[in-house]
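Undergrad: Take this structure, written in structure tokens, and hold onto it; I'll ask about it next.
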Amino acid sequence: MTPAPVTTVEGRGIALQGHDIDTDRIIPARFLKTISFAGLGDHVFADDRAAAAGRHPFDCPEHKGARILVVNRNFGCGSSREHAPQALRRWGIAAVVGESFAEIFSSNCLALGMPCLTGDTGVVEHIQQVVQEQPHVRFCLTLAASTLHGLDHDWSLMIDSGPQTMLLTGCWDATGLLLSHGQELRRTASQLPYLNDFALPADHRLWGSQDDGV
Amino acid sequence: MSTGTLYDKVWALHRVAELPGGQTQLFIGLHLIHEVTSPQAFAMLGERGLKVRHPERTVATVDHIVPTTDQGRPLADPLAEAMLGALEKNCADHGLRLYGFDSGQQGIVHVIAPELGLSQPGMTIACGDSHTSTHGAFGAIAFGIGTSQVRDVLASQSLALDKLKVRRIAVHGSLSPGVFAKDVALHVVRRLGVKSGVGHAYEFAGSCVATMAMEERMTLCNMAIEAGARCGYVNPDQVCFDYLHNRPEAPRGAAWHRAVTWWRSLASDANAAYDDEVAVDAGEIAPTVTWGITPGQAMAVDEVVPTPDQLPPGERPLAEEAYRYMDLRPGQPIAGTPVDVCFIGSCTNGRLSDLRDAALVARGRHVAHGIKAFVVPGSQQVARAAEAEGLDAVFAQAGFEWRRPGCSMCLAMNPDRLEGRQLSASSSNRNFKGRQGSASGRTLLMSPAMVAAAAVSGVVTDVRTLLSHTKDTGRGPVP
């Protein structure tokens, strides 16, 4: 299975203000009691939305169908649960722009082909203002140039070259790429002392019996 | 760019290939899995017709959803039973070791892998749980991953990653009586901030860390992620080797000596270059308590809740949100705040030494009227060891419930949870809004001894005032 390259994301925005919004808030732990990701979109920000009684951005009719989420600092901190980006994606989000992201969150987004781009505080706050004041505005995120276009503005954003290349080349679903290096994997494993020089007998027994199974 | 650190050495040894765009394919030496973040990964594996590449390097247990009262099968909650059943089936189908209830070794994944001797210096260790940083205490590069990455490790025993920078955090001096590794962790997160570690590995060093026992180092590394650092580690030394010696999964005989020689060579060089260095004075650290809704919103137990003007402007909006949510006033002392629930356990503080520290406070006292207090050992092995020295009886006589092992109310995926706006004193790692199972529930993070002090007093209490009566230092022998 080869995933599609992600080059642009187009659509309306939705702004969520606040720093350090953690993954427990994005998807409370009780919704993790499942063996699939199906249905998580209904529960994104469940507790925050209940507390806001209809006034949460994710409940505002003007943001229904929005695709680009705009957040502030350290978004997605805390738990490694991929359920958080899964819930956002299943609600309809296809890209996230923010001042900064927690590391596991952004790598989870990457694995779903969901770009996370950062911008300076002033840039992000300006985008949030546009989204809030003019929710109908359509944006276009261009990954190769790391820019967001909307109204008559072009905002300059940032993304590391690793994730950027993975998205642009359709390698964000890394499994195939990783498995294509079977020989290199075997070589690395054969040089690790704990798998060879002082491995427990069980490891020796099983070692080398795996084929590459691409 | 760092050179000569343990992180650099372990990274280089595990490098499989350079990937387009500059990421590195890194070999994963040990993969730990549990019931919450693995079922979808196995499903994806199945959809693609892939198998587990190194079943002998993948180890499973069940911890997040397990009840801590009745663990009889089927579990009372059908959803929890389905998750446990799925893990059992996936492990059986792929030939993976599973430490279930009947193994005698079940427990929180970050408690059992060290106690089995699975977590060793120089390994790369991944697990679908952010507190995987715990295993860095052994001089491993250990970090949390999401479910798609669990799939990648199952399929290829490797991950696509960007190399991190390395920040050395040197904790100098010694801790005062009543101050624990948990306080060091909270102090560091408070001082550096919850996003300081993004893009970094944290190397914990200095004379204070050098004298810490392995369980204390695990507590410290466990909370690296609360500072935003995906992995934290301590250089391997004799304390580490002594802990590992004779553990079931540790090398034996001649292999043990070869292993120790290699492990020693991995420690950061004396002339290693770091991207950043920070010094912390252990003597300045007091018993520390969180007052807000991130682990960085912490304070010494004898301070007052910070006022907005004491905080940098960028932190004030979150502080305002925290005052409202926590129902705490700026300028009020945290000591004396009434608590409702007291929880001792979790991957941060559910090990034998943690229970001993708490028992020292609980012994001869009783949980205050109206307080629910419970102790959840981190593993079946911890439970057995604690019971063997009578800690369960100490807790029971003091009015604490003694439970079965699991993650419990750290994240409340099992029946242990706060109700309504209850306030908990908790030895766990996160005080996020709604974290402990009630959308309006409130959490104060602190050391296990401080939780015990809150339980017997009914209010947040400086544990030093209780320890002084018993002439105990609060730092008893630790494994």
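Please treat every number below as a calculation from the coordinates, not as lab data. As the structure is a prediction and not an experimental result, all values here were calculated from the model. Here the Cβ is made from the backbone with ideal geometry for all residues, glycine too, and neighbour counts use every protein chain on show.
Undergrad: Just tell me how shielded B:34-41 is by partners: mean number of partner chain Cβ atoms within 10 Å of each residue's Cβ, no decimals. Intermediate results must be reported in sequence, preceding the final value.
TA: On the way: counts 0, 3, 8, 6, 1, 4, 8, 1.
Average per residue, whole number: 4.
Undergrad: Could you give me the ³J(HN,Hα) list for the stretch A:159-171, computed from phi with Karplus coefficients 6.51, -1.76, 1.60 and θ = phi - 60°, whole Hz, x at Gly and Pro?
TA: Per-residue couplings from phi come out as 8, 5, 5, x, x, 4, 5, 4, 6, 5, 9, x, 9 Hz.
Undergrad: Run the dipole for the protein assembly as shown about the Cα centre, Lys and Arg Cβ at +1, Asp and Glu Cβ at -1, nothing else charged, and hand back the magnitude in debye, nearest 20.
TA: Details: 60 positive and 72 negative charges, 159 e Å.
Dipole of the protein assembly as shown, to the nearest 20 debye: 760 debye.
Undergrad: What average number of partner chain Cβ atoms lie no more than 10 Å from the Cβ of the residues making up B:407-417?
TA: Working: counts 1, 0, 0, 1, 8, 4, 6, 2, 0, 0, 2.
Per residue, the average neighbour count from other chains is 2.
Undergrad: So, one more: Please work out the C-alpha center-to-center distance from the stretch B:123-191 to the stretch B:311-389 and express it in whole Å.
TA: Centre-to-centre (Cα) distance: 22 Å.
Undergrad: Could you work out the per residue convex hull volume over the alpha carbons of the protein assembly as shown, in cubic angstrom?
TA: Numbers: hull volume 96.6 nm³, N = 693.
Roughly 139 Å³ of hull volume per residue.
Undergrad: Just rank A:THR165, A:THR23, fewest to most, by other beta-carbon atoms within 10 angstrom.
TA: In order of increasing Cβ crowding within 10 Å: A:THR165, A:THR23.
Undergrad: Using +1 at the C-beta of Lys and Arg and -1 at the C-beta of Asp and Glu, which of B:ALA335, B:ALA272, B:ALA300 has the Cα lying farthest in the positive direction of the dipole of the stretch B:261-343?
TA: Highest projection toward the positive end goes to B:ALA335.
Undergrad: Now for a separate question. With the dipole of chain B worked out from charges on the C-beta (+1 for Lys and Arg, -1 for Asp and Glu) around the Cα centre, which of B:PRO78, B:ALA373, B:GLY434 lies farthest toward the positive end?
TA: Farthest along the dipole direction, towards plus: B:PRO78.
Undergrad: Taking 10 °C and 1.306 mPa s as the conditions, I'd like the Stokes-Einstein D for the stretch B:219-353 in µm²/s, using the Kirkwood hydrodynamic radius from alpha carbon pairs. Write out the running numbers ahead of the final one.
TA: Values: Rh = 19.0 Å.
Estimated via Stokes-Einstein, D reaches 84 µm²/s.
Undergrad: Something else now. Which residues' amide hydrogens lie under 5 Å from the amide hydrogen of B:VAL339, considering only partners 5 or more residues apart or on another chain, with H built in the peptide plane?
TA: B:VAL459, B:VAL460
Undergrad: Additional query: Under the rule of -39500 (n - 2.57) per DSSP H run of 4 or more residues, summed and divided by the residues of the protein assembly as shown, what mean residue ellipticity at 222 nm is obtained, to the nearest 500 deg cm²/dmol? Display every interim value, and only then the final one.
TA: On the way: 26 runs with 228 residues, N = 693.
Here the helix-only value at 222 nm equals -9000 deg cm²/dmol.
Undergrad: Next question. Could you check which residue among A:PHE139, A:PHE198, A:PHE31 shows the biggest mean-square fluctuation in a GNM of chain A with a 10 Å Cα cutoff?
TA: Between A:PHE139, A:PHE198, A:PHE31, it is A:PHE198 that shows the largest mean-square fluctuation.
Undergrad: In this model, which of B:LYS9/B:LYS163; B:LYS165/B:LYS433; B:LYS165/B:LYS195; B:LYS51/B:LYS163; A:LYS33/B:LYS372; A:LYS33/B:LYS195 are farther than 19 Å apart at the alpha-carbon? All intermediate terms of the calculation are to be shown ahead of the outcome.
TA: Numbers: B:LYS9/B:LYS163 12 Å; B:LYS165/B:LYS433 30 Å; B:LYS165/B:LYS195 14 Å; B:LYS51/B:LYS163 28 Å; A:LYS33/B:LYS372 25 Å; A:LYS33/B:LYS195 28 Å.
Pairs exceeding 19 Å: B:LYS165/B:LYS433; B:LYS51/B:LYS163; A:LYS33/B:LYS372; A:LYS33/B:LYS195.
Undergrad: Among B:ARG464, B:ARG403, rank each residue by its count of other Cβ atoms within 10 Å, from fewest to most, as a rough exposure measure.
TA: On the way: B:ARG464 19, B:ARG403 23.
In increasing order of surrounding Cβ atoms, one gets B:ARG464, B:ARG403.
Undergrad: Select from A:ALA29, A:ALA94, A:SER106 the residue farthest towards the positive end of the dipole of the stretch A:1-157; place +1 on Cβ of Lys and Arg, -1 on Cβ of Asp and Glu, and compute about the Cα centre.
TA: A:ALA29
Undergrad: Let me ask something else. Report for chain A the percent antiparallel among DSSP-assigned beta bridges with both residues inside it, nearest 5. Mind showing how you got there, number by number?
TA: On the way: 14 of 26 bridges.
In chain A, approximately 55 percent of DSSP beta bridges are antiparallel ones.
Undergrad: State the antiparallel share, in %, of DSSP beta bridges confined to the protein assembly as shown, rounding to the nearest 5. Before the final figure, lay out each step's value.
TA: Details: 28 of 81 bridges.
Of all bridge pairs located within the protein assembly as shown, approximately 35 percent are antiparallel.
Undergrad: Shifting gears a bit: Show me, for the stretch A:48-59, the HN-Hα J-couplings you get by feeding each phi into the Karplus relation (A = 6.51, B = -1.76, C = 1.60, θ = phi - 60°), rounded to Hz, glycine and proline as x.
TA: Once rounded to whole Hz, the list reads 4, 5, 4, 5, 7, 6, x, 9, 5, x, 6, 10.
Undergrad: May I pose another question? Among DSSP beta bridges whose residues both lie in chain B, state the antiparallel percentage, nearest 5. Intermediate values should be presented prior to the final figure.
TA: On the way: 14 of 55 bridges.
Here the share of antiparallel DSSP bridges comes out near 25 percent.
Undergrad: Mind jotting down the distance between the C-alpha centroids of the stretch A:122-155 and the stretch B:247-291, whole Å?
TA: For the stretch B:247-291 versus the stretch A:122-155, the Cα centre distance is 46 Å.
Undergrad: Let me ask something else. Cut-off is 10 Å between beta-carbons; in what order do B:LYS165, B:LYS372, A:LYS64, B:LYS182 appear when sorted fewest neighbours first? Intermediate values should be presented prior to the final figure.
TA: On the way: B:LYS165 16, B:LYS372 19, A:LYS64 13, B:LYS182 28.
The most exposed by this proxy come first: A:LYS64, B:LYS165, B:LYS372, B:LYS182.
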